[in-house]
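Working notes for the structure below.
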Amino acid sequence: MASLPFTTPKFSHFKLSKTFKSFNSNEPIHLTQLNGTTRNHHTLYKSYFHTISSLCKDGEIQQAVDLLTEMDSKNLSVGPEIYGEILQGCVYERDLFTGQQIHAQVLKHGAFFARNEYIETKLVIFYAKCGAFDVANNLFSRLRVKNVFSWAAIIGLKCRIGLNEEALMGFSEMQENGFLPDNFVVPNALKACGALLWLGYGKGIHGHVVKVGFDGCVFVASSLIDMYGKCGALEDARKVFDAMIERNVIAWNSMIVGYMQNGMNEQAIGVFHEMRMEGVEPSQVSVSSFLSASANLGAIGEGKQGHAIAVLHGFELDSILGSSVLNFYSKVGLIDDADLVFDKMLEKDVVTWNLIISSYLQSGLIDKALDMCHLMRSENLRFDCVTLSSILTAAANLSNIKLGKEGHCYCIRNSLQSDVVVASSIVDMYAKCGRIDYAGHVFSSTTNKDIILWNTLLAAYANVGHSGEALKLFYQMQLESVPPNVASWNSVILGFIRNSQLNEAKEFFSQMQLLGVHPNLITWTTLITGLSHNGFHDEALQVFQEMQESGIKPNNVSISSALSACTNVTSLQHGRAIHGYAIRHDLGSLISVSTALVDMYAKCGCLSRAKRVFDHISSNELPVYNAMISAYALHGQAGEALAVYKNLKEAGIEPDGITFTSVLSACSHTGLVNEGLEIFIEMASKHHLSPSMEHYGCVVSLLSRSGRLDEAFRLILTMPYEPDAHIIGQLIAKCREHNEIELVEHLSKYLLEVEPDNSGNYVAISNAYATAGRWDDVSEIRDLMKEKGLKKSPGCSWIQIGEKLHSFIAGDGSHPNTEDIQATLALLGIDMKSSA
């Protein structure tokens, strides 16, 4: 800001006769010696003034005040300009206490000084720059004469403390009073527009800038770029930027930050590179913004380059730059590097600690996150709302209600429980720890409920399938004048799906659209997944198609669910179409999609295509290996399944329970008894996995298929689980093949106790008795079925030709081409017999 004008009074009584020492000296400075003459008074006064002014500019405020005291002791008159210089020095140093002392001296000297326009303006500027809003505002309101300097000070103060609307009102009032905003006032007004997202007002100020010719000022242009960036008008920001004749680092930073804050991270990185190409040295703000853009894109190379630039320029890892570097390494998953940065940071504030704790949580390192919380407390730093939210998130992820309660108690002791973010974390924690009742109590006791808190409890009810409670809460929030958003609707739909109320979910989805609420990606994906998992496969594929028609691009979850639906209806045509979509949109290499593709092709009979997908994946992970082993097992190719299993181990991937289920199933289908038993033993001895009921079932099937029924039965007796109907049923089926009727009698009693209403069990026992010629027992079983009203479920098969799916049920002749099909089957039968 330009200096305020003043006139130096002329005095002629004193003479400077002693040279003062360096301004950095701690010794007192004496300037006067009376010599009985008055002719050099003016020169002496000017010397005092210039010395005090120099001291103030060098930050030596106390020495300047000492000179003022010396002048007073010598009965030298002190003019307003000296008080103004000291007040300006207090502004430089933000020395509120000393400035208040000067203010007191001004008041002590009476109205001549206190009501001096220059002094009044300086006092407003001083208090405004020191952030004393009440005093500055009071002095400003009492000014007899307001000038451009006082207006600039009060508008700037209001911007800094967030009173942006008041700042813009002052900006307008200033012009109404005949003062033209200068290039110091305009940037503050633009800053207020950016904070309020008042694009129209900002454009009006832009018009004023062009009219008065400030558009050539680099500071005003930078402020325009910043305002347009905050308002999301990046094209306008770029026009201002491109039109600048001279660009300093602030202008470049404004453009980079504007792009980054609006999600245009590639453009932000591009501008950063342009800046370096033009030889402009980046600042810490430049590097911080560049790192944030790199983190958002997951651009590891660029982010590391940004860190290197910070090191080469000697930038200290303070709380701002250090946090940006830390955030980058955390977001791209380089936690070890994040650790190193954290250890090297000179300043660690609560934000920094929260960042490293959050990083550990996102990487699943919950214990390390909790250790860091303890270390933070040992550094005498208090947890804030973000820290508490992280601790509560850790408790939720671990289902550790003890830790969660400790966090809740800390919130209560430190009056943090009223914060809606913390309250939402507490509700979420209790819900994930299985105490939905506690979650409800916390919600009810929170006075200020925002949409996030309502949605947190809605999601909690939805996740456990309490659709009734979710729907009730959905209507309650509207009664309390909180309009639901898309996330609210999504939770109710999920609640219906989790409670197997698919018709209600579809109806609610339709109602949502009728009311003008546009389903988002999560809405569509939730519905597709719910339909697919609950057997509504054709509808799931239809909804998947509708989602694309609505302009929503499917993600890996929706694609995987749609592929699952294709698998269950063996719709190879739809599956291939979805595969094509995934390839075109660079989703085919994602593990979840690749796994679903391998499974779909295998179950649709295209084992070669399944293998092709598997072979083209650059970084095979366990789920894909499991899918490929299962595919070979399904097609009876145990040798290939075992080869993939061997490759998995050679790749250093640890198999899981699903892996062993697939491998044992493959061995069972092809009679590789020794290999299967060896793998079963290896499961516990080498990989320390406890076999589940499913694994025991595979081994029972393996032994019984090879005729080793006694061993299979002994395994059932010794396993640590009560056998289920599936295991007993498959053993009975093999007893029938090997005529072990006594074992059938023993097992059938248990089977009918476990599943008395499954018609398939009665049919299996009846068939075993029939094979042994025990027709009385067959009749008894059939009569028992009639008494219970049970009927054998007919077999069903289907085939897809073009767009149409043809299903065939045993004993059903309703297909329009039944006669032709039967005739063709008869001809095939004749050919088969003749060639046998």
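The values are calculated or read from the model by the stated rules, or taken from the named source; none is laboratory data. Every value quoted in this text rests on a predicted model; they were computed, and no experiment measured them. Neighbour counts are summed over all protein chains in view; Cβ atoms, including those assigned to glycine, are modelled from backbone coordinates with ideal geometry. For the accessible areas, the whole protein counts, side chains as well, though only heavy atoms, and no ligand, DNA or RNA atoms are used. Shrake-Rupley method; radii C 1.70, N 1.55, O 1.52, S 1.80 Å.
Here are a few things to note about the model shown:
- If you go through segment 761-776 and keep only what is of a type outside the set (S, T, N, Q) and modelled with pLDDT of 75 or more, you end up with TYR762, VAL763, ALA764, ILE765, ALA768, TYR769, ALA770, GLY773, ARG774, TRP775, ASP776.
- Within segment 181-194, the presence of a residue that is of a type in the set (A, V, I, L, M) and open to solvent by 60 Å² or more (accessible area, probe 1.4 Å) is excluded.
- For segment 439-452, the condition holds for at least one residue, the condition being that it is under 28 Å from ASN499 (Cα atoms), among the aromatic types (Phe, Trp, Tyr) and surrounded by fewer than 24 Cβ atoms within 10 Å (Cβ to Cβ).
Quick grid of which residues meet (1) among the hydrophobic types (A, V, I, L, M, F, W, C); (2) within 20 Å of the chain's Cα centre (by Cα); (3) within 30 Å of ILE391 (Cα to Cα):
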position	(1), (2), (3)
TRP252	yes, no, no
GLY258	no, no, no
SER288	no, yes, yes
VAL311	yes, no, no
VAL332	yes, yes, yes
ALA338	yes, yes, yes
ASP343	no, no, yes
SER359	no, yes, yes
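- For segment 287-328, a residue qualifies if it is in a helix (DSSP H, G or I), within 16 Å of THR352 (Cβ to Cβ) and open to solvent by 60 Å² or more (accessible area, probe 1.4 Å), and exactly one does: ILE320.
- When ILE629, ILE583, ILE578 are checked against the criterion of being among the hydrophobic types (A, V, I, L, M, F, W, C) and surrounded by fewer than 17 Cβ atoms within 10 Å (Cβ to Cβ), a single residue qualifies: ILE583.
- Which listed residue, of HIS738, HIS726, is open to solvent by 40 Å² or more (accessible area, probe 1.4 Å) and in contact with a Leu (Cβ under 9 Å, 6 or more places away or on another chain): HIS738
Let's see how each residue does on (1) without any contact (Cβ under 8 Å) to a residue 24 or more places away in the chain; (2) buried (at least 20 other Cβ atoms within 10 Å of the Cβ); (3) within 22 Å of LYS158 (Cβ to Cβ); (4) of a type outside the set (Phe, Trp, Tyr):
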| site | (1), (2), (3), (4) |
| --- | --- |
| GLY59 | no, no, no, yes |
| PRO80 | no, yes, no, yes |
| GLU85 | no, yes, no, yes |
| TYR92 | no, no, yes, no |
| LYS122 | no, yes, yes, yes |
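- Number of positions in segment 106-120 that are open to solvent by less than 60 Å² (accessible area, probe 1.4 Å) and either part of a helix (DSSP H, G or I) or within 16 Å of MET174 (Cα to Cα) (or both): 6
- Failed criterion for GLU70 (all others in (1) without any contact (Cβ under 8 Å) to a residue 40 or more places away in the chain; (2) surrounded by 16 or more Cβ atoms within 10 Å (Cβ to Cβ); (3) assigned to a helix (DSSP H, G or I) hold): (1)
- Candidates ALA562, ALA462: the one that is under 24 Å from the mean Cα position of the chain (by Cα), of a type in the set (A, V, I, L, M) and surrounded by 15 or more Cβ atoms within 10 Å (Cβ to Cβ) is ALA462.
- Pairs, first polar (S, T, N, Q) in segment 356-379, second open to solvent by less than 90 Å² (accessible area, probe 1.4 Å), C-beta under 6 Å, six or more apart: SER358/SER390; SER359/SER330; SER359/ALA338; SER363/ILE335
- Residue tally, condition without any contact (Cβ under 8 Å) to a residue 60 or more places away in the chain and part of a helix (DSSP H, G or I), over segment 126-161: 24
- Members of segment 506-533 that are touching a residue at least 12 places away in the same chain (Cβ under 8 Å), open to solvent by 60 Å² or more (accessible area, probe 1.4 Å) and either farther than 12 Å from VAL557 by Cβ or out of contact with any helix residue (DSSP H, G or I) (no Cβ under 6 Å at 6 or more places or on another chain) (or both): HIS518, HIS533
Results for (1) at pLDDT 80 or above; (2) closer than 19 Å to HIS109 by Cα, shown as yes or no for each residue.
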| position | (1), (2) |
| --- | --- |
| SER54 | yes, no |
| GLU60 | yes, no |
| GLN63 | yes, no |
| LEU76 | no, yes |
| GLU81 | yes, yes |
| ILE86 | yes, yes |
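- Count of residues meeting criterion [aliphatic (A, V, I, L, M) and outside any helix (DSSP H, G or I)] in segment 162-201: 3
- Among the residues examined, TYR475 does not qualify as under 22 Å from MET429 (Cα atoms) and either part of a helix (DSSP H, G or I) or in contact with a helix residue (DSSP H, G or I) (Cβ under 7 Å, 6 or more places away or on another chain) (or both).
- Top-ranked residue in segment 680-703 [being assigned to a helix (DSSP H, G or I) and farther than 15 Å from GLN730 by Cβ; ranked as least open to solvent (accessible area, probe 1.4 Å)]: MET683
- First in segment 264-286 and under 15 Å from LEU312 (Cβ atoms) and touching a residue at least 12 places away in the same chain (Cβ under 8 Å), second anywhere and open to solvent by less than 20 Å² (accessible area, probe 1.4 Å) and among the polar types (S, T, N, Q), Cβ under 6 Å, 6 or more apart: SER286/ASN253
- ALA643 open to solvent by 10 Å² or more (accessible area, probe 1.4 Å) and either among the basic types (Lys, Arg) or in a helix (DSSP H, G or I) (or both): yes
- Just so you know, in segment 272-286 the residues that are in a helix (DSSP H, G or I) and surrounded by fewer than 24 Cβ atoms within 10 Å (Cβ to Cβ) include one that is nearest to the chain's Cα centre (by Cα), and it is VAL285.
- Flag for ALA638 being among the aliphatic types (A, V, I, L, M) and over 25 Å from ASN555 (Cα atoms): yes
- Applying the criterion of being within 24 Å of GLY605 (Cα to Cα) and of a type in the set (Val, Ile, Thr) to the residues of segment 796-822, the residue that is modelled with the highest pLDDT is ILE821.
- Selection within segment 650-679 - open to solvent by 10 Å² or more (accessible area, probe 1.4 Å) and either in contact with a Pro (Cβ under 7 Å, 6 or more places away or on another chain) or part of a loop (DSSP other than H, G, I, E, B) (or both): ALA651, GLY652, ILE653, GLU654, ASP656, GLY671, LEU672
- Yes/no for TYR721 being part of a loop (DSSP other than H, G, I, E, B) and on the phi < 0 side of the Ramachandran plot: yes
- Between LEU634, LEU597, the distinction of being of a type in the set (A, V, I, L, M, F, W, C), open to solvent by less than 50 Å² (accessible area, probe 1.4 Å) and in contact (Cβ under 8 Å) with a residue 12 or more places away in the chain belongs to LEU597 only.
- Residue satisfying all of: in segment 351-395; in contact with a Gly (Cβ under 8 Å, 6 or more places away or on another chain) and crowded, with 23+ Cβ neighbours inside 10 Å; farthest from GLY322 (Cα to Cα) among these: ALA395
- In summary, SER358 fulfils each of the numbered conditions (1) more than 22 Å from GLY407 (Cβ to Cβ); (2) modelled with pLDDT of 85 or more with the single exception of condition (1).
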